[in-house]
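The structure under discussion appears below in the form of structure tokens.
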Amino acid sequence: MLRETISIRTGVLLVCSVLPVYAQEPATPAAANVGGAATVTGSGTPQFVPLWRTTTSLGNSGIFQKGMRLGIGTKAPGAQLDVRALTLIPAFSALGASGPPGSDQNASAGISSKGGDADPDSGLSVGGAGVVGKGGASSLFAGSAGSGGSFTGGSGGTSSAFGGAGVVGTGGASSSGAGPGGVFTGGSGSGGDGIDASCTGTGCFAGNFTGNVNVTGSITAGKKDFKIDDPLDPANKYLLHASVESSEMKNIYDGTVILDAKGQAVVQLPDWFEAVNGNFRYQLTALGAPSPGLYIAQKISNNRFKIAGGAPGVEVSWQVTGIRQDAYAKADPMVVEQEKNPQERGYYIHPELYGAPEEKSIEWARNPAWRMQVQELRAKQLAQARNAAASASPSASRTENAELGQYPKGLR
């Protein structure tokens, strides 16, 4: 195979199946005889990178060069490389190399991207993002706009390997404040959640957090439990407790106190107690001996209350509850019974408990397009699980080899 380099004044190197070429202005028919080889002819349009149409003829390719910018599908590239699909296919597709069987090597990434560094001498500039994605607009009447990014982890197949993560985010290190692993903001308008997560498998969690979780707003759930390793059999069992719930924003405080020689005691509460709580309720229980006359002699005032009427030296267990009256509780009071908004009426948090199908869940009412995507993803995952063995069949290998066959062996 002939491998020569023809320089026709350009800064772009193309490696072709016959020879690599530098080209910029093949505007008129040209001919070249290199070292006695066959004559090269062809014509093209200025700024289009040439394409070998035959082993001796050049013409226009689909790559347009404007200064140091390259455009595929456009003559006005807006980036160093600007690719625009002209048919209903992805504008860009990347496939990392697989580790050879038996090599114990990791596969390569499909795409590796790094944002540019900010001006080191500036106190205001910001580094560039490694990847920026923006979904396409929706239709005028229905449907959903495209997502900014769609990611699916690799399949573990039928082997013992784990499936890959759809997205892995790691914040940048800094001595003055490390960056978060991810920042999410819902779209403007109704129902634009910052994050929508769903568990489509079995035994999975829609969200799994290791470490502390901070929430500045409200948390709603069907139930709230604590879960720990069972102290009596920590290796084999869990221990769960349900939280205490109320129709009011209620705090509970308790303790014990020893009555003095007069059968009295003063319980001192924290300095912040009355700033946080109001509408107090009391319970007293004598321990070890009866005290039928036990009562609250003085209600809470100046963060203390007084017990009286008991037998001297008796231990008393006390409990006080208070309703929150802090600034946040006043600004965002609990509404015990709430009407569903028009969009959610006829839908259920748990439709299966009322004999209704999954499509009657609140999440379908709030975001039907997203739920359809989740349903489609679930169907694909089930199909992948059923056909995992087929993905490694000879037919799949033939398809991949056919795709690679268009490139010279040195580039495969």
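Starting from the Kirkwood Rh over alpha-carbon pairs, what translational D in µm² s⁻¹ does region 250-331 have by Stokes-Einstein at 20 °C and 1.002 mPa s?
On the way: Rh = 13.2 Å.
Stokes-Einstein gives a translational diffusion coefficient of 162 µm²/s.
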Please give, to one decimal in nm, the separation of the simple spin-label points placed at Lys330 and Leu287, each 7 Å out from Cα toward the Cβ.
-> 3.7
Net charge near Thr285 (other residues with Cβ under 12 Å of its Cβ; Lys, Arg +1; Asp, Glu -1) is -2
Bin by bin, in steps of 5 Å, what percent of the Cα pairs in region 64-130 do you find, going until the bin that has the longest distance?
-> 4, 13, 12, 13, 17, 15, 12, 10, 4, 1, 0
What is the extension gain from Lys340 to Ala91, computed as 0.36 nm multiplied by their sequence separation minus the C-alpha to C-alpha distance, in nm to one decimal?
-> 85.4 nm
Those GluC sites (Glu not before Pro) from region 197-277 that are DSSP loop and have at most 11 other Cβ neighbours within 10 Å turn out to be Glu245
Using 0.36 nm per residue, how much length does the chain from Ala197 to Ile362 gain when fully extended, once their Cα-Cα distance is taken away?
-> 58.0 nm
May I ask which of Lys224/Lys330; Lys340/Lys360; Lys114/Lys134 have a Cα-Cα span longer than 20 Å here?
-> Lys224/Lys330
Quick one: P(r) of region 339-384 from all Cα-Cα pairs, 10 Å bins, percents rounded to integers, in order of increasing distance.
-> 28, 45, 23, 4, 0
Calculated FRET efficiency for the pair Arg304/Asn106, C-beta based, R₀ 56 Å, to 0.05 | 0.25
If the cut-off is 30 Å between C-alpha atoms, which lysines fall inside it for Lys227, apart from same-chain ones fewer than 8 positions away?
-> Lys237, Lys250
Determine, from the Cβ-Cβ distance of Leu382 and Ser61 and an R0 of 41 Å, the FRET efficiency 1/(1 + (r/R0)^6), rounded to the nearest 0.05.
-> 0.45
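Coordinate-derived values only; no laboratory data. Note that this is a predicted model, so its numbers are computed, not measured. Backbone-built Cβ (ideal geometry, glycine too); neighbour counts: all protein chains shown.
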